[in-house]
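Read the structure below first, then the notes.
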Amino acid sequence: MLLNYFIVALRVIARQKLFSFINIVGLAIGLASVLLISSYVKHELSYDRSFTNANRIYRVAANLHLESGPSIRAVTSPPLAGIIHEDFPEVEKVLRIGRSSRSLSYQDKTFFDIKLITADSSFFDVFDFPVALGDRATALSQPNSIVLTKQAAQKYFGDESPLGKQMALSDTITLMVTGILKVSPDHSHLDFDGIYSRTTIVKPYQEPKDTWFNNNFYTYVLLKPSASSKDLEAKLPQMLDKHMGADRKKSIWYELFLQPITDIHLRSSLKAEMEANSSMSVIYVFGSIALFILLIASINFMNLSTAKAAKRANEVGIRKTAGAMRSQLVSQFLAESLLLSLVSSALALVIAQMTLPAFNTLLNKNLSLNLMQSPEIILGFALVTMVVGLLAGLYPAFFLSRFKPIQVLKGKVVSGTQGALLRKGLVVVQFSISIILIAGTFIVQEQIHFMRTQDLGFNKDQLVIVSIRGSEGTNRYEAIKQHLLQNSNVLSVSASAEPLGRGQSVVATLPEGWNENQITSVTTIMADEDFINTHQIKLLNGRNFSANSSSDRDHAFMVNEAAVKMFGWKDNASAVGKKLNWGLGKEGNVIGVVSDFHYFSLHKQVDPLIIHNDPESYSYLTVRVKPDANDWQRALTALKSEWKSLSMKGEFDYFFLDEDFSRQYEADQQLKSFISYFSVLAIFIGCLGLYGLAAYSTEQRAKEIGIRRVLGASLPGLVALMSKDFLKLVLLANLIAWPAAWFVLHQWLSNFAFHINISVAVFFLAGSIALIIAWVTVGFKSTKAALSNPVDSLRNE
């Protein structure tokens with residue numbers, strides 16, 4: 001019996017080629033979209049879950065209570081790990097990780113862009129990354145040890161065996177390769193190319209107490225199986241009181257809390273994160289779009305199924321007359337719907353596999369569709385296929401199977417208004433979703449354009465950033481700088497610890513006028529006397545650093561307008577000459593005030609800033625090239641030549657500051673592209689369904705059209721007559737979509753400190769696009785029907 005159902009279903013599909021094609025293709029595209037997006041969501045949710053003890057690993061983070069407000073940070077101070085290790089027996093292991101900006105070299109190969117971290121010997125006890133070569137238990141137990149990722153080892157050593165090889169850390173420290181990771185940490189919030197032992201630079205847990213002020217280490221704890229994270233967290237304030245004493249009463253001091261590592265990638269956006277994390281909001285957006293696409297495709301499927309059902313009333317009457325039971329008719333219609341759904345799912349797998357490379361390029365990921373290793377995706381995919389097939393078949397199955405044979409065969413079957421209302425409602429839902437996606441595309445695009453063209457308070461164009469890591473030392477950086485200035489394409493050169501747009505130091509500071517319990521923490525840029533000129537930042541009051549003043553390098557500071565306001569000083573002019581206790585040990589005066597400029601992206605407000613001249617920290621040179629030096633390749637070739645003439649180790653490592661700033665908006669750009677592509681898909685699938693419904697409508701009204709043609713109706717009049725009902729539905733969809741789109745987009749824009757205002761014109765544009773596309777789709781089919789020969793439709797009358 002079941003086989004017979006599917007044989008009949010195949011005949012029906014073959015007989016109704018157009019509707020079957022629209023149903024299968026539309027649903028297949030929707031299912032393929034869901035499959036691709038599900039693979040991305042699964043990838044994001046899998047971060048840090050591959051570790052054996054992932055459910056027992058926590059990061060210790062700090063909530064600093066500053067005069068300027070709370071500052072929640074991912075980093076803590078070095079002594080904390082040792083104290084936790086000593087005071088809490090429920091903690092099995094403690095680990096500190098620090099970022100390192102040093103260069104790494106092997107023989108004549110030096111790389112400055114390598115991502116290095118330094119860690120305690122307990123690293124692999126906490127994070128059990130699989131190791132391809134070496135002993136994980138002892139890899140970081142000795143000073144001067146380094147473990148590399150497989151990719152980094154290939155970059156340095158090629159086909160050589162790396163174990164036991166000697167490498168140079170910033171040309172000053174010799175490291176021995178003691179291990180190679182089997183895989184890179186792609187599914188972890190830890191992003192690195194190499195780890196060297198912390199004992200290379202300091203003994204385990206032996207830190208002077210004054211390093212409580214140096215909050216720049218990531219601290220992790222591995223709890224014992226029976227331990228409770230909440231119980232440990234409750235004990236942390238008492239521990240701080242015990243070991244910090246009166247210092248904790250100062251407003252710089254903080255409360256500690258624990259973060260499960262499995263929450264970090266998607267639920268943590270603290271200051272000083274190791275790398276920029278994603279967020280659950282992205283998962284919600286992607287997941288919502290997947291559901292929207294599937295919903296639109298499913299609506300098509302159900303709409304066309306219900307629309308075509310009424311035409312089979314005679315078939316139902318004959319079957320019932322021949323003795324068919326209602327349950328058999330229901331099973332028949334469900335079998336047809338399930339068969340279409342199964343064919344669509346098979347086609348969806350092919351489409352998903354073919355489009356996966358483009359999808360990976362779009363999101364800058366390396367996803368795979370290895371469904372055999374993703375049972376949850378297989379199960380979900382199968383479940384969606386079955387549910388869509390059943391839902392699409394239920395209405396026609398129960399609606400048609402209730403007809404009485406006598407009424408059907410006498411032609412007295414009335415399709416009723418319920419089916420028509422259902423189809424109209426579903427069309428409205430489809431186009432409401434499409435309009436929301438189109439409006440979202442425009443708003444995201446406008447916001448990205450706004451961020452990229454907004455005045456940042458400095459000129460980021462024509463700036464080349466050159467890494468001089470591995471060339472530390474005042475005399476060395478000045479020699480390189482002066483040599484580059486001899487190039488005719490170079491206007492100015494400045495040195496800094498980090499380029500703008502990247503992580504800057506945050507230093508404990510006591511401004512003049514504050515008491516000792518009002519210590520705050522302020523972002524500090526380490527830069528020389530040419531920093532202001534090279535970046536073309538406005539100096540509002542006072543003076544710049546002087547290369548001829550040795551005191552400027554120890555006792556002079558510049559601040560921005562935001563710092564003047566936070567410190568409570570009267571105005572910019574009065575700020576000049578004020579005293580600062582910077583780092584709670586280095587005292588000096590404010591010599592100048594600069595205008596507020598965006599040293600990070602426009603996602604953030606401009607925070608208070610201190611600029612300090614500290615030559616020992618400089619790792620980058622910022623080179624301003626002449627605006628008329630249009631031949632960038634020629635200018636860079638000249639700079640590379642200067643680099644080689646200085647006998648520098650390694651390649652000329654550089655990047656453009658404007659491009660680097662643009663990368664801060666990469667996630668936003670990906671979101672815009674993602675919404676754009678899937679908006680097109682949503683419109684395409686919706687139009688497929690609309691075309692199918694228009695085809696059904698013209699088929700139903702064929703005789704009416706023929707009569708109107710014979711009576712002299714014009715072509716535009718017929719097209720308008722047949723199109724107006726569909727266009728009314730799209731207009732109704734606009735009224736529903738606009739407020740919903742405004743609410744969603746307003747929530748998204750609230751994530752930016754600086755953002756555009758939502759214009760009503762965007763909604764009119766999105767609605768107009770949807771209306772035009774719908775009109776073209778319906779109008780094409782209506783025109784074709786209106787141009788048909790009326791004799792063909794009236795010959796049976």
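The values are calculated or read from the model by the stated rules, or taken from the named source; none is laboratory data. Quick caveat: nothing in here was measured; it's all calculated off a predicted structure. Counting neighbours? That spans all protein chains shown, and the Cβs are built from the backbone with ideal geometry, glycine included. Side chains are part of the model used for accessible areas, which takes the heavy atoms of the whole protein and leaves out ligands, DNA and RNA. Shrake-Rupley method; radii C 1.70, N 1.55, O 1.52, S 1.80 Å.
Of the residues that make up the stretch 227-241, is at least one surrounded by fewer than 16 Cβ atoms within 10 Å (Cβ to Cβ), modelled with pLDDT under 85 and not in a loop (DSSP other than H, G, I, E, B)?
Yes; the residues of the stretch 227-241 include at least one that is surrounded by fewer than 16 Cβ atoms within 10 Å (Cβ to Cβ), modelled with pLDDT under 85 and not in a loop (DSSP other than H, G, I, E, B).
For a quick check of your reading of the model, give me the residue pairs whose first member lies in the stretch 739-751 and is touching a residue at least 40 places away in the same chain (Cβ under 8 Å), whose second is open to solvent by 70 Å² or more (accessible area, probe 1.4 Å) and outside any helix (DSSP H, G or I), with beta-carbon atoms closer than 8 Å and at least 6 apart or on different chains.
Going by the 8 Å Cβ cut-off, the qualifying pairs are L749/H755.
Report, by residue number, each residue of the stretch 258-271 that is touching a helix residue (DSSP H, G or I) at 6+ places or on another chain (Cβ under 6 Å) and within 25 Å of A508 (Cβ to Cβ).
Matches in the stretch 258-271: L258 only.
Could you tell me whether K724 is at pLDDT 80 or above and on the phi < 0 side of the Ramachandran plot?
On the way: at pLDDT 80 or above: yes; on the phi < 0 side of the Ramachandran plot: yes.
The answer is yes for K724.
Which fully enclosed strands (runs of 3 or more DSSP E) of the stretch 32-129 have 1 or more residues being free of Cβ contacts under 8 Å to residues at least 24 places away in the same chain and of a type outside the set (D, E, K, R)?
69-73
Mind telling me which of the residues L727, L749 ends up being open to solvent by less than 50 Å² (accessible area, probe 1.4 Å) and over 20 Å from R701 (Cα atoms)?
Every option except L749 fails the conditions.
Being in a loop (DSSP other than H, G, I, E, B) and either farther than 24 Å from P499 by Cα or open to solvent by less than 10 Å² (accessible area, probe 1.4 Å) (or both): is that true of L580 here? Steps first, answer last, please.
Working: in a loop (DSSP other than H, G, I, E, B): no; either farther than 24 Å from P499 by Cα or open to solvent by less than 10 Å² (accessible area, probe 1.4 Å) (or both): yes.
No.
Considering each residue of the stretch 259-282, count those that are part of a loop (DSSP other than H, G, I, E, B) and in contact (Cβ under 8 Å) with a residue 40 or more places away in the chain, and give that number.
Result for the stretch 259-282: 9.
Consider S251 carefully, then state whether it is open to solvent by less than 60 Å² (accessible area, probe 1.4 Å), modelled with pLDDT under 95 and small (G, A, S).
Here the answer is yes, as S251 does meet what is asked.
Looking at K586, is it of a type in the set (K, R), at pLDDT 70 or above and at negative phi?
So K586 passes the test.
Based on this model, can you work out whether A397 counts as under 30 Å from A774 (Cβ atoms), modelled with pLDDT under 80 and assigned to a helix (DSSP H, G or I)?
yes
Here is a list of conditions, (1) under 30 Å from F678 (Cβ atoms); (2) buried (at least 20 other Cβ atoms within 10 Å of the Cβ), and R59 meets all of them except one; can you say which number that is?
All conditions are met except number (1).
Step by step: first the residues of the stretch 752-765, then only those that are of a type in the set (A, V, I, L, M) and out of contact with any Phe, Trp or Tyr (no Cβ under 8 Å at 6 or more places or on another chain), then the one that is most open to solvent (accessible area, probe 1.4 Å). Which residue is that?
Checked the stretch 752-765; the qualifying residue most open to solvent (accessible area, probe 1.4 Å) is V760.
With the stretch 496-571 as the region, which strands (runs of 3 or more DSSP E) entirely inside it contain at least 2 residues that are in contact (Cβ under 8 Å) with a residue 40 or more places away in the chain, under 40 Å from the mean Cα position of the chain (by Cα) and surrounded by 21 or more Cβ atoms within 10 Å (Cβ to Cβ)?
Filter on the stretch 496-571 gives 505-511, 520-526, 556-560.
To keep it simple, each residue is scored yes or no on (1) at pLDDT below 90; (2) touching a Ser or Thr at 6+ places or on another chain (Cβ under 9 Å); (3) under 20 Å from L294 (Cα atoms).
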{"site": "R326", "(1), (2), (3)": "yes, yes, no"}
{"site": "A335", "(1), (2), (3)": "yes, no, no"}
{"site": "A348", "(1), (2), (3)": "no, yes, yes"}
{"site": "M354", "(1), (2), (3)": "no, no, yes"}
